[in-house]
Each structure stands twice: as structure tokens, then as C-alpha cells.
Amino acid sequence: MSLTKEQIAQRIAGELKDGYYVNLGIGIPTLVANYIPAGINVVLQSENGLLGMGPFPFEGEEDPDLINAGKQTITTVPGSAFFDSAMSFGMIRAGKVDLTVLGAMEVSDQGDIANWKIPGKMVKGMGGAMDLVASAKNIIVAMMHTNPKGESKLLPECLLPLTGVKCVKKIVSDIAVLEITPQGFKLLERAPGVSVEEIKAKTAGRLIVEGGIPEMKFD
Amino acid sequence: MNKVVSNADEAIRDIADGAVLMLGGFGLCGIPENCITALVKKGVKQLTCISNNAGVDDFGIGLMLQHKQVKKMISSYVGENAEFERQLLGGELEVELIPQGTLATRCMAAGYGMPAIYTPAGVGTEVAAGKETRNFNGKDYLLEYAFDADFAIVKAWKGDTDGNLIYKETARNFNPLMAMAGKITIAEVEELVPAGKLDPNLIHTPGIYVHRIFQGMNYEKRIEQRTIRKKV
């Protein structure tokens, strides 16, 4: 069984360490906040200018001056801080943010990422994605392993215009966890019931399989 | 020294066709609603707008797009706007998309009197095309120039008659950066108080950067994505 979006988020949450400052992108990455393990305290950064992002507000308590980078109404947690957008990207550029989680359309086996533009379609813009991928120390990508046509999104080279080069460290897809190494995608874990052969078949880039590959476990 | 003007119409009185404007805000959060309305009323055209986003169809900079007042948008993200897409695909509108941090830092550079900055954002992508690249400590960076804007138009929470400004929550975003960067900076505020009434320890934008200030009115503060959770 391939993972649900919630399970992808839950698996990524397992990478969080106590004290991390974390930037979560739009989509599946946002869901990671719902699965922060007990005993682990992380501070969520929103690149429009907030450290200490909390959950969505209760109905009637929405504040139009308080939104996240996806323009959603949010709340703050105790100890939060506001700042301007230059400082926000300053802390990203200076490597102060420990982990960045974002989505991708394609990732290459060298860690290049494409997630902002499809030629021929309306281009909405890169937002903060290029700044994040160019500077973040640790980037985990949450993505589907294949596109709706069944074609691999883990490629030898990205076909779409790049967002950044040689920056992705790890991928959690709906069927596997992989690390980017100089030799290509290294398979670390597989989704429950998904075979190594299926992952091989769905990975177009170089794939390294060493020894037995454990299944992911979910509570 | 009198920086106080009576309203948005007076604040934008000398913005002419072809001007280069910076407009604060992220999405619809912290945008100068009063001045946008006044610009639409004045009908100035051929504007270049530097702003992170382009509003939505019927609010924010979207209103200026509706009236075909914008020649060029310089932004990081321009989704959520069908009229924008129509004008862009029809060749009526130019757009320059740049990374959000680069946008913020090019504003900052202008306000700090620096001609350019180096950033790694966009290295190895189409954003790097034609730009000077330099390697520092083993990593490549792009040279990006400070913006040069005729007017910066910002929105603050509180301001005083000397032009000192305080922003609220994430409505701060690009506002203080742009306030520093305009040749002429116009600030609209939710609450205008006499100089001396704001705590100097808490000022975000010192008044030296602000040329005109006025008490704004009728703020709609539209929410773009209303997300809530249920009480259990």
C-alpha cells in the first residue's frame, strides 16, 4: 500500500529533533505540523515573517494581520516573534533554519529540484522556494513517486525548469524514503507492502539498494 | 516639517504615468488599501509595480490591473488572479518573477544605500541568466541590484506625525523594507498619533524614511485563505 499524504507527513515528522527551527512548505509539508512527536519541541518558521507559528484559529478568531506563507489564517505560540521579509530570508540564507520541507514536481538523483514552473502553463512564480533550496542546510522533499500517468518523478536529470541544484538531502514519497548520495538515490525504507522491485520500476534515476530494506512502521 | 497629509488622494497627488512604485504587503496582508483605491481613482497608467504579489481579481493591486494601469509587475508570486493571467497571456502586461528573498533583499539594499547584493537564490536556474556570478568560500552567488523606485507606498498599524511607524504581526512583511527604499515614501496607518506618543523603543521604521503620512480609513483587511479549526 502506498502512503497517504498524512502518512508521508507523519514519516517526515519522524525526522524532527528537539529544538529544530523548521520551515514547512505548502501542501503535504504543512501537514507535518500535525504529527510532531511527543517530547519534541520545534519552532515553525513562516517566511513572510514569523517564528513560532501555531495551529489555525478557532472560528471567529481569525486575524487578517496574522497569516502564513500560504496566506492562511494562523495563530502564534508562546515565544513567537515577528520580523520583516528580509530578516526572514536572512535567517534562511544564514543557515539558521535547521530543516526545510517542501513539495516537488521532479527531483534528480543529484538532488536538483524542480517545483515552480511548467512550460506552456501559466507561471505563478517561485515565491520563496528558490531562496529556501539555495540556502537550507537540510531539505526533505515530500512528493508522489510518479505523476498521474505513472511516470517517475525521480529522474536522472530534471526535465522541468530548476528551482535549485544539488540541494535535496532526502525524499519521502508515497512508496519510499530515499537519501540523495553522490551515487544517486539510496533506498532507506519502503512503504508497508511495497516491494523493492516496485520502487525500482518507478525510479528513473540511479537507485542504490543495499541489503534488506525495512518497511516503514506507523502507529 | 509637516509630513501629515489629509488623505490618500493628497498623498499620491504627484504620482504620474510611468512611475515606478513599491507597494508593501504579502498577499492581501498589510497592503496600502487606501492608496491603491486613490491610484485607481486618479487613473495613472503605465506603472511599474514592485510588490510580492499582484492581489486578487477584485482587491489589492488586482484593482489597478482591472483598470489597465500596470505596465509591469515585479513580484515573486502572482497566482490567484485571473485578470492578471489574461493580460499576461495577451501581451498587455510584462512580468518579472524574482525569488521572494531576493525581492526583499533588493528593497533592503536600496534602503541601506548599497547598490547590490549577492545571493545564492536562483544559481543554476533560469533566474541566473545574464547575471554576474561570483564564488565566495566555495559557493556560487548571483549579483542582484538594489531597486530604484520613485515612490514606496506602505501600510502600518500605528504611526506618528513625524513618520515613525509600527507594524502589526505578519502585516509587517515587506512594508519596513520598502519604506526605507522609496525616493518618496508614503505611509498610511490605522492609527495616527502626535509625535511623542509612540514608545521610541518599539519603532520599526524611523520617521527619516517617511515623507508623507496619513490616517487611513475603512480598512477591509480581506482574508485570502480563511482556515480554521473546530473546537473540541
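No lab work stands behind these numbers, since they all come straight from the coordinates. Predicted model, so just to flag it, every value in this text is computed and none were measured. For neighbour counting, all protein chains shown are included, and Cβ atoms are generated from backbone atoms with ideal geometry for every residue, glycine included.
When DSSP assigns beta bridges and you keep just the ones with both residues in chain A, what percent turn out antiparallel, to the nearest 5? Working shown, then result.
On the way: 20 of 39 bridges.
That works out to approximately 50 percent antiparallel.
For A:157-164, what's the mean count of beta carbons from other chains sitting within 10 Å of each residue's beta carbon? Intermediate values should be presented prior to the final figure.
Values: counts 0, 0, 0, 0, 3, 7, 6, 7.
That works out to 3 on average.
How about segment B:69-130: which GluC sites (Glu not before Pro) there lie in a loop by DSSP and see at most 15 other Cβ atoms within 10 Å? Before the final figure, lay out the partial values.
Working: sites: B:Glu80, B:Glu83, B:Glu85, B:Glu92, B:Glu94, B:Glu96, B:Glu126; in loops: B:Glu80, B:Glu92.
Filter output for segment B:69-130: B:Glu92.
B:Ala129 versus A:Gln183, label points 7 Å from Cα toward the beta carbon: distance in nm?
3.8
Return the average number of partner chain Cβ atoms within 10 angstrom of each residue Cβ along peptide B:84-93. Display every interim value, and only then the final one.
Details: counts 2, 3, 0, 0, 2, 1, 0, 0, 0, 0.
That average works out to 1.
Run through segment A:73-161 and list the GluC sites (Glu not before Pro) located in a DSSP loop whose Cβ has at most 15 other Cβ atoms within 10 Å.
On the way: sites: A:Glu106, A:Glu151, A:Glu157; in loops: A:Glu151, A:Glu157.
Those satisfying the criteria are A:Glu151, A:Glu157.
For segment A:37-109, what relative contact order do you get, as a whole percent, if you take Cα pairs closer than 8 Å and at least 6 residues apart?
This gives 29 percent for segment A:37-109.
How much length is gained if the chain between B:Asp199 and B:Tyr145 is pulled fully straight, taking 0.36 nm per residue apart and subtracting their Cα-Cα distance, in nm to one decimal? If you can, show how the numbers build up before the last one.
On the way: separation 54, 0.36 × 54 = 19.44 nm, distance 3.46 nm.
The span from B:Asp199 to B:Tyr145 would gain 16.0 nm if fully extended.
Give me the distance in nm between label points sitting 7 Å out from Cα along the Cα-to-Cβ direction at B:Ala116 and A:Ala201, one decimal.
Rounded to a tenth, the inter-label distance reads 5.3 nm.
Check each of the chymotrypsin sites (Phe, Trp or Tyr not before Pro) in segment B:55-142 and keep only those in coil by DSSP with at most 15 other C-beta atoms within 10 angstrom; list them in order. Write out the running numbers ahead of the final one.
Values: sites: B:Phe59, B:Tyr77, B:Phe84, B:Tyr112, B:Tyr118, B:Phe136, B:Tyr141; in loops: B:Tyr77, B:Tyr112.
In loop regions of segment B:55-142 (DSSP not H, G, I, E or B), the sparsely surrounded chymotrypsin sites (Phe, Trp or Tyr not before Pro) are B:Tyr112.
Can you give me the relative contact order of chain A as a percent, contacts being Cα pairs under 8 Å and 6 or more apart?
On the way: 486 pairs, mean separation 41.5, N = 219.
Reported as a whole number, the value is 19 percent.
What is the percent of Cα-Cα separations in chain B that go past 21 Å? Numbers along the way, then the final one.
Working: 14983 of 26796 pairs.
For chain B, the fraction of Cα-Cα distances above 21 Å is 56 percent.
Just to be sure I understand the curve: with the Debye formula and one point per C-alpha of chain A, what is log10 I(q)/I(0) at q = 0.12, 0.13, 0.14, 0.15 Å⁻¹?
-0.64, -0.75, -0.86, -0.98
Over segment B:112-213, how many pairs of lysines fall under 28 Å by alpha carbon, counting only those 8 or more apart in sequence or from different chains?
11
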